[in-house]
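**Q** Okay, here's the structure, questions in a sec.
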Amino acid sequence: MSFIELPHTHGCLVCGQGNPHGLHLHLFVDPDASVVRVEFATQPEHIGFQNIIHGGVLATVIDEAMVWAATWAGKRFCVCGELSVRFRHSAAVGDHLTVIARVESKRARLIQTTCEVRSANGLLAEATGKYVPLPIERHSAFVATLIDEPSTKQAAKVFH
């Protein structure tokens, strides 16, 4: 697979480079397969309990990967209608996680996705999601918030 970097907005909790409380992650898409990948190095500020990464933080990254997979596949920004995560093992501080999201089915009003979170020790979590494409006016408003950067220009032009 050949991945390109996805665009981001200034304040997004996951990908917003301007959000002082954000994760500052970079997401990538295989433009032909609508597969989204993100690497996530866990930090002490991501814990829920001692040395265990908060499940809500992982679910947030999963949602971001799946919404981008749905958005790419439908060529229109989406919002989450349903998210289900099954945690198989906990992630620890310092773990390097790989999150991969895929589109399972695409209809005009609903895009269904799956996601896996893996570490060097194997599968940590798997998820399913249902995403709803936005009306064209809201989609256009979202597109207007994308930051114009050389590293994301190729992916961003798909939405204009």
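**Q** Test of understanding: among V14, V36, V29, which residue is β-branched (V, I, T) and not in a strand (DSSP E or B)?
**A** Unique residue meeting the criteria: V14.
**Q** Can you tell me which condition A108 does not meet? The list is (1) open to solvent by less than 20 Å² (accessible area, probe 1.4 Å); (2) modelled with pLDDT under 95, and all the others hold.
**A** That leaves (1) as the condition not met.
**Q** Show the residue pairs meeting these rules: Cβ distance below 6 Å; 6+ apart or different chains; first residue within segment 1-27 and closer than 24 Å to P44 by Cα; second residue assigned to a loop (DSSP other than H, G, I, E, B) and among the polar types (S, T, N, Q).
**A** Short answer, once both residue conditions are applied: G11/N19; H24/Q17.
**Q** Can you tell me which residue in segment 89-105 is least open to solvent (accessible area, probe 1.4 Å), limited to those that are charged (D, E, K, R) and free of Cβ contacts under 8 Å to residues at least 60 places away in the same chain?
**A** Checked segment 89-105; the qualifying residue least open to solvent (accessible area, probe 1.4 Å) is D95.
**Q** Residue by residue through segment 2-50, note down the ones that are out of contact with any Gly (no Cβ under 8 Å at 6 or more places or on another chain) and on the phi > 0 side of the Ramachandran plot.
**A** Matches in segment 2-50: S34 only.
**Q** Does E126 satisfy the condition of being surrounded by 15 or more Cβ atoms within 10 Å (Cβ to Cβ), modelled with pLDDT of 95 or more and over 18 Å from L6 (Cβ atoms)?
**A** So E126 fits the description; yes.
**Q** Another one. Could you tell me which of the residues A125, A101, A33, A108 is among the aliphatic types (A, V, I, L, M) and closer than 22 Å to G16 by Cβ?
**A** A101
**Q** Across segment 32-88, which residue is nearest to L124 (Cα to Cα) among those that are of a type in the set (D, E) and surrounded by fewer than 17 Cβ atoms within 10 Å (Cβ to Cβ)?
**A** Looking at the filtered set, the residue picked out is E39.
**Q** So, in segment 133-144, how many residues would count as being loosely packed, with under 13 Cβ neighbours inside 10 Å and touching a Gly at 6+ places or on another chain (Cβ under 9 Å)?
**A** Residues meeting the conditions: 0.
**Q** A further question follows. Given H46, H54, H8, which one is modelled with pLDDT under 95 and either charged (D, E, K, R) or in contact with a helix residue (DSSP H, G or I) (Cβ under 8 Å, 6 or more places away or on another chain) (or both)?
**A** H8
**Q** Name every residue in segment 36-68 that is over 19 Å from H96 (Cβ atoms) and touching a Lys or Arg at 6+ places or on another chain (Cβ under 9 Å), in order of residue number.
**A** If the condition is that a residue be over 19 Å from H96 (Cβ atoms) and touching a Lys or Arg at 6+ places or on another chain (Cβ under 9 Å), then M66 is the only one that fits.
The values are calculated or read from the model by the stated rules, or taken from the named source; none is laboratory data. As the structure is a computational prediction, the values presented were derived from the model and not from experiment. Don't worry about glycine lacking a Cβ; one is built from the backbone with ideal geometry, like all the others, and counts go over all protein chains shown. Quick note on the areas: whole protein, heavy atoms, side chains included, nothing else; ligands and nucleic acids left out. Shrake-Rupley method; radii C 1.70, N 1.55, O 1.52, S 1.80 Å.
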